[in-house]
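Visitor: Here it is, the structure in full.
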Amino acid sequence: MSETIIGIDLGTTNSEVALIRDGRSQVLDVDGAPILPSVVGLAEDGSLLVGRAARNQYALYPDRTIRSVKRRMGEDVRLSMGEQSYSPQEISALILKRLKHAAEQQLGDAVHKAVITVPAYFSDAQRQATRDAGELAGLEVARIINEPTAAALAYEVDATQARTILVYDLGGGTFDCSVVRTGDEVTEVLASHGNNHLGGDDFDAKLIMHVLEHLRSEHQCDPSEDRAAMARIARACEAAKIALSNAPYARIDEEYLLPDRDPPVNLSLEIDRETYEAMIEGYIDETLEAVHTALKGAELTVADVDEVLLVGGATRTPLIQARLEQILGMQPRAEVDPDLCVAAGAAIQAGVIAGEATSAVLVDVTPYTFGTSAFGDMDGAPYPYCFVPVIRKNSPIPTANSEAFQTMVDGQEAVNVRVFQGENRDALNNTLIGSFRVEDLSDVPAGNVIVMRFELDLDGILKVTATEKRTGKEKHIAIDNATTRFESEELDAAKQRLAALMADDVEVIDAAATETEEHREAVKARALLEKAERLLESASAEDKEDLVDLIEAVRDALAADDSAKLGPAVASLSDLIYYLET
Ligand code: AMP
């Protein structure tokens, strides 16, 4: 058996270790989790802490804890930790040692060699410092490879075919965007651009500011000098940020946040995704500018990009995926866990060096997008059946996601939930795989929020739950084998079933869509037109003539956007349809 070489992603916020087992790259657990926080500290009794325990004490004891050491690699500095000071290489070596030890424990054998990844922009001095850290940890560094190259390897982008790949890497504290060219067994980074001080931590900081403002205005207090309270707020904000990646709302609840105040302050705050996205939009714009700069550096344009790979935990933010899709015209790939992707790629490189046969990182993904339909905007016009994806194609399963919708009319008692599978923006062009009705909703004005949660398990069973947010009242269905069930079914048959369903008024709108009286009138008019056109086939010659006249009148009013004419025309057409149907 060849000697095992481990692959290490030595990150600013987190680090991971992986190796090849049975031809496949496998990320190993360290202290029970695949992610080791890149934090080193000294406990109260002077013992060494590496990882989660060090991270947990950072807010309280920053003078004896070191984080983000990667930012200092290559610098001639001493970093103080307690009474002593250390070089960045020494601190990094402690992290590497922890990873090496975890691998040895699981292998039951000593490990001597590693492939370590570094950002593409790392200078020679920074790369050398990384090598030195490896040596200090008792590891011969078999190779240093660029992080975007490792990401491309994890996706095993076909090396025989020349392809241009954009790797968008947003971690906790750094952002890098690289253009990678693969082919002829050579993978090279053509250009790289980024910001060493931008990442998910900045998103947390925005939420923390929001919470502090809330505490100032609602509780007349400012805990910004209280380390313990700030540590709790920071943790709660990061958890809320992560929750908002899969849900339209998140709660921040910290009981007895300031227990010494009279009365004690209990923090309880809800944040919706829209408010959060407005906070971080500026940062995302900045990363997209960097994408253009990187492409320019490689003398390429958006049109030259074959694939976009997402790396780094913060890329799980849905707004990032949506904005990238918007500017690049393709869905970014994120099926290999963005936290583990670089380590997995490093292990593949390590396997190649050790002469092992390796293959792609194996992930179970959904081959289809699942979603629902809602009133929204289609090519600038209001349209009742816009497809709203909830679980996107290529998401690793099991997965769950939710979106918020609103009722359209005052006192609306029920909503029809329709579940579609497909990729078309028009839900009617996708396959209807299930539907159900939620009744007895609260008697409240339009805008009653309904949260739709989609859960897809490993067996392809899709569970869809609709919940009235204000009461928690919910209803759900489970659709067996959602990922395969309709593969062979005719799309037309599905469309016909749909047409029958759609005769009802549309009752749900996308939360983001605008809602006006005119929109509703136009929707009703279009539904009537569809019905009238179906009736044309069976109507007598005389009725047909009347129908055609009224259809024309409704169409003209719609085209002219003339609501004064539309109302009476719709009323007349509606009367005629009623007469013909009865
Ligand atoms: P990394 O440095 O790649 O491990 O990324 C860490 C960053 O990703 C931290 O800021 C995390 O809070 C953030 N992160 C992890 N999971 C998520 C998620 N589901 N949604 C948004 N950010 C996340």
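Visitor: May I ask you to give the percent of accessible area on the chain that is carbon plus sulfur, with a probe radius of 1.4 Å? Don't skip to the answer; put the middle values down first.
Guide: Details: 12380 of 26970 Å².
Using a 1.4 Å probe with all protein chains present, the chain comes out at 46 percent carbon and sulfur.
Visitor: Using just the helices of the chain, give the 222 nm mean residue ellipticity in deg cm²/dmol: DSSP H runs with n ≥ 4 each add -39,500 (n - 2.57), and the total is spread over all residues, rounded to 500. Walk me through the numbers on the way to the answer.
Guide: Working: 13 runs with 204 residues, N = 582.
Value at 222 nm, helices only, nearest 500: -11500 deg cm²/dmol.
Visitor: Residue-wise, which Karplus ³J(HN,Hα) couplings in Hz belong to segment 161-178, taking 6.51 cos²θ - 1.76 cosθ + 1.60, θ = phi - 60°, and x for glycine or proline?
Guide: With coefficients 6.51, -1.76 and 1.60, one gets 10, 6, 9, 10, 10, 9, 9, 9, 10, 10, x, x, x, 9, 10, 9, 10, 10 Hz.
Visitor: Next up: With label points built 7 Å along Cα→Cβ from the Cα atoms of A278 and D304, find their separation and express it in nm.
Guide: Each label point is offset 7 Å from its Cα along the Cβ direction, giving 3.9 nm.
Visitor: Could I ask something else about it? Measure up K241/K473; K473/K531; K544/K565; K97/K206 against 29 Å on the Cα-Cα distance and list the ones that go over.
Guide: Going by Cα-Cα distance, K473/K531; K97/K206 fall outside the 29 Å limit.
Visitor: Computed FRET efficiency, Cβ-Cβ of I461 and E44, R0 41 Å: what is it to the nearest 0.05? Let's see the in-between values first.
Guide: Working: r = 49 Å, r/R0 = 1.20.
So the FRET efficiency works out to roughly 0.25.
Visitor: Convert each backbone phi in segment 405-413 into a coupling constant with the Karplus relation 6.51 cos²θ - 1.76 cosθ + 1.60 (shift: θ = phi - 60°), then list the ³J(HN,Hα) values in order as whole Hz, x for Gly and Pro.
Guide: Going residue by residue, I get 10, 10, 6, 9, 10, 4, x, 4, 8 Hz, with x marking Gly and Pro.
Visitor: Under the rule of at least 5 residues apart or a separate chain, name every residue whose amide H is placed under 5 Å from the amide H of N394.
Guide: Counting only residues 5 or more places away or on other chains, the set is T366, Y368.
Visitor: Quick check: residue separation of Q161 and T293 times 0.36 nm, minus the Cα distance between them. What number comes out in nm?
Guide: Working: separation 132, 0.36 × 132 = 47.52 nm, distance 2.52 nm.
Value of the extension gain: 45.0 nm.
Visitor: Karplus couplings for segment 27-35 from phi (6.51 cos²θ - 1.76 cosθ + 1.60, θ = phi - 60°), rounded to Hz, Gly and Pro as x?
Guide: Computed from phi, the couplings for segment 27-35 are 7, 8, 6, 10, 6, x, 9, x, 10 Hz.
Visitor: Residues of segment 403-418 with backbone nitrogen within less than 16 Å of a virtual label 7 Å along the Cα-to-Cβ line of E270, please, listed as ranges.
Guide: Within reach of a label on E270, which here means backbone N under 16 Å from a point 7 Å along Cα→Cβ, segment 403-418 contributes 403-407.
Visitor: Which FRET efficiency, nearest 0.05, do N424 and A559 yield, Cβ-Cβ r, R0 35 Å? Intermediate results must be reported in sequence, preceding the final value.
Guide: Values: r = 25 Å, r/R0 = 0.70.
Working from the Cβ atoms, E equals 0.90.
Visitor: Grab the Cα-Cα distance for V548 and E255, subtract it from 0.36 nm times how many residues apart they are, and report the gain in nm with one decimal. Numbers along the way, then the final one.
Guide: Numbers: separation 293, 0.36 × 293 = 105.48 nm, distance 6.63 nm.
The span from V548 to E255 would gain 98.9 nm if fully extended.
Visitor: Given a Förster radius of 22 Å and the C-beta distance between H219 and R470 as r, what FRET efficiency does 1/(1 + (r/R0)^6) yield to the nearest 0.05? Provide the component values of the computation, followed by the final result.
Guide: Values: r = 24 Å, r/R0 = 1.11.
The computed FRET efficiency comes out at 0.35.
Visitor: Name the long-range amide H neighbours of D377: under 5 Å, sequence gap of 5 or more, or other chain; modelled H, no Pro or chain starts.
Guide: Y383
Visitor: Probe of 1.4 angstrom, ligands and nucleic acids ignored: what's the accessible area per residue over the chain, in square angstrom?
Guide: Working: 26970 Å² over 582 residues.
I get 46 Å² per residue for this part.
Visitor: Multiply the residue separation of D29 and A527 by 0.36 nm, subtract the distance between their alpha-carbon atoms, and state the gained length in nm to one decimal. Let's see the in-between values first.
Guide: Values: separation 498, 0.36 × 498 = 179.28 nm, distance 5.58 nm.
Full extension from D29 to A527 adds 173.7 nm.
Visitor: Separate question: For a quick check: with amide H placed at 1.01 Å from N, whose amide H comes under 5 Å from V39's, ignoring anything fewer than 5 positions away on the same chain?
Guide: When sequence neighbours closer than 5 places are left aside, the close amide H contacts are G51.
The values are calculated or read from the model by the stated rules, or taken from the named source; none is laboratory data. As the structure is a prediction and not an experimental result, all values here were calculated from the model. Positions of Cβ are generated from backbone atoms using ideal geometry, with glycine treated the same way; all protein chains shown enter the neighbour counts. Please note that ligands, DNA and RNA were not included when accessible areas were found on the heavy atoms of the full protein model with its side chains. Shrake-Rupley method; radii C 1.70, N 1.55, O 1.52, S 1.80 Å.
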